[in-house]
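Q: Dropping a structure here in structure tokens format, bear with me for questions.
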Amino acid sequence: MGRIFEKSANKEVISLLDKLVDKKTESKEYAQTMYKLGNEFGNLILEKMIDPYDEITLACTVEDADYLGRGIIDVLEGKGKRIFLTVFWNKRFNPGNESSLAVAPIIREFHEEGYKNVRTMIIIKSVISNSCVVRTNLTRLIEESNPSQILIVAPVLLNGAIKNLENEFEEDIIRRFEYLYFAEDDKRTEQGFVDPGIGGDVYQRLGFESQAGKNRFTPEIVKERRYK
């Protein structure tokens, strides 16, 4: 199958995805590329919202907060939407030998007050492969909230990821899902990364060096919004 682009992937988006894959793209430019992809998603989300006056919860992982997440937030807030940010620090590991067994417990979280009381919830991830991080974070959120629209957003996902995610939820929850992504791949590297995906290990591409390094990091957007 190779890579399949969604209809929403215009020439600019495809150029940005190519930049992620390019090993010569340095961390700063890689991060800025993620931000621009966030802008593209922000415009798509405005078209998809079931109620144009909704307040929105946007949930992301720590590594995505300052770039992909901020890119979306800047567009939505620029259009007058009220965003409640949620950030999760996950420790992903595989207790067995199969990727389907991977788990991603939450070791830390940040929530802006009001995140529970929204109709539209956005869950973002730089790439979705076996969906364990998205599954964990979404489960945590719907324990305390009851959104009528759940947008699951990622620049790239692996073929089969949607099915894997939906296998973990009841039909009443699945009916609320809507997926926004630009490309779908069907291969993995020997290291387990989606190929071409987003160019390998997002932690290293963003300059965190490792999962432990990113989990010690507090995003600038969290620092800004913590005391606003």
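Q: From (1) assigned to a loop (DSSP other than H, G, I, E, B); (2) farther than 17 Å from TYR30 by Cα; (3) free of Cβ contacts under 8 Å to residues at least 24 places away in the same chain, pick out the condition that doesn't hold for PHE217.
A: So the condition that PHE217 fails would be (3).
Q: Condition first: among the polar types (S, T, N, Q) and modelled with pLDDT of 95 or more. Can you find one or more residues in region 97-114 that meet it?
A: So far as region 97-114 goes, no, none of its residues is among the polar types (S, T, N, Q) and modelled with pLDDT of 95 or more.
Q: While we're on this one: For region 182-228, give me each residue that is among the charged types (D, E, K, R) and surrounded by fewer than 13 Cβ atoms within 10 Å (Cβ to Cβ).
A: Keep residues of region 182-228 that are among the charged types (D, E, K, R), which gives 184-188, 190, 195, 201, 205, 209, 214, 216, 220, 223-226, 228.
Result: GLU190, GLU209, ARG216, GLU220, LYS223, GLU224, ARG226, LYS228.
Q: Would you mind stating whether ILE128 is free of Cβ contacts under 8 Å to residues at least 60 places away in the same chain, touching a Leu at 6+ places or on another chain (Cβ under 9 Å) and either under 19 Å from ALA9 (Cα atoms) or not hydroxyl-bearing (Ser, Thr, Tyr) (or both)? Working first, answer last.
A: Working: free of Cβ contacts under 8 Å to residues at least 60 places away in the same chain: yes; touching a Leu at 6+ places or on another chain (Cβ under 9 Å): yes; either under 19 Å from ALA9 (Cα atoms) or not hydroxyl-bearing (Ser, Thr, Tyr) (or both): yes.
Spelling it out, ILE128 is indeed free of Cβ contacts under 8 Å to residues at least 60 places away in the same chain, touching a Leu at 6+ places or on another chain (Cβ under 9 Å) and either under 19 Å from ALA9 (Cα atoms) or not hydroxyl-bearing (Ser, Thr, Tyr) (or both).
Q: What strands (runs of 3 or more DSSP E) completely inside region 50-154 contain at least 1 residues that are buried (at least 23 other Cβ atoms within 10 Å of the Cβ)? I'd like the intermediate steps shown before the answer.
A: Details: elements: 56-61, 83-90, 106-111, 120-124.
Per the criteria, 56-61, 83-90, 120-124.
Q: If only one of ILE173, ILE162, ILE142 is under 18 Å from the mean Cα position of the chain (by Cα), farther than 19 Å from LEU85 by Cα and of a type in the set (A, V, I, L, M, F, W, C), which one is it? Reasoning before the result, please.
A: Numbers: ILE173 fails: under 18 Å from the mean Cα position of the chain (by Cα); ILE142 fails: farther than 19 Å from LEU85 by Cα.
Result: ILE162 is the single residue among ILE173, ILE162, ILE142 that is under 18 Å from the mean Cα position of the chain (by Cα), farther than 19 Å from LEU85 by Cα and of a type in the set (A, V, I, L, M, F, W, C).
Q: Right, here's the next one. Tell me, which residue of region 155-174 that is under 19 Å from ILE124 (Cβ atoms) and in a loop (DSSP other than H, G, I, E, B) is modelled with the lowest pLDDT? Even if it seems obvious, please write down each step before you answer.
A: Restricting attention to region 155-174, the residues satisfying the condition of being under 19 Å from ILE124 (Cβ atoms) are 155-158, 161-162, 164-166, 168-169, 173-174.
Restricting the remaining residues to those that are in a loop (DSSP other than H, G, I, E, B) gives 168-169.
Details: GLU168: 93, PHE169: 96.
Step by step, filter region 155-174, then rank; the result is GLU168.
Here's the yes/no breakdown for (1) farther than 19 Å from PHE182 by Cα; (2) free of Cβ contacts under 8 Å to residues at least 60 places away in the same chain:
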site	(1), (2)
CYS60	no, no
ILE73	no, no
LYS81	yes, yes
TYR115	yes, yes
ARG119	yes, no
VAL153	no, no
VAL156	no, no
LEU165	no, yes
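Q: Follow-up. Condition first: closer than 26 Å to SER129 by Cα, at pLDDT below 95 and among the charged types (D, E, K, R). Can you find one or more residues in region 78-87 that meet it?
A: Looking for residues that are closer than 26 Å to SER129 by Cα, at pLDDT below 95 and among the charged types (D, E, K, R), one finds none in region 78-87, hence no.
The values are calculated or read from the model by the stated rules, or taken from the named source; none is laboratory data. Treat the numbers as computed from the prediction; the structure is a model and nothing was measured. With ideal geometry, Cβ positions are generated from the backbone for all residues, glycine too; neighbour counts draw on all protein chains shown.
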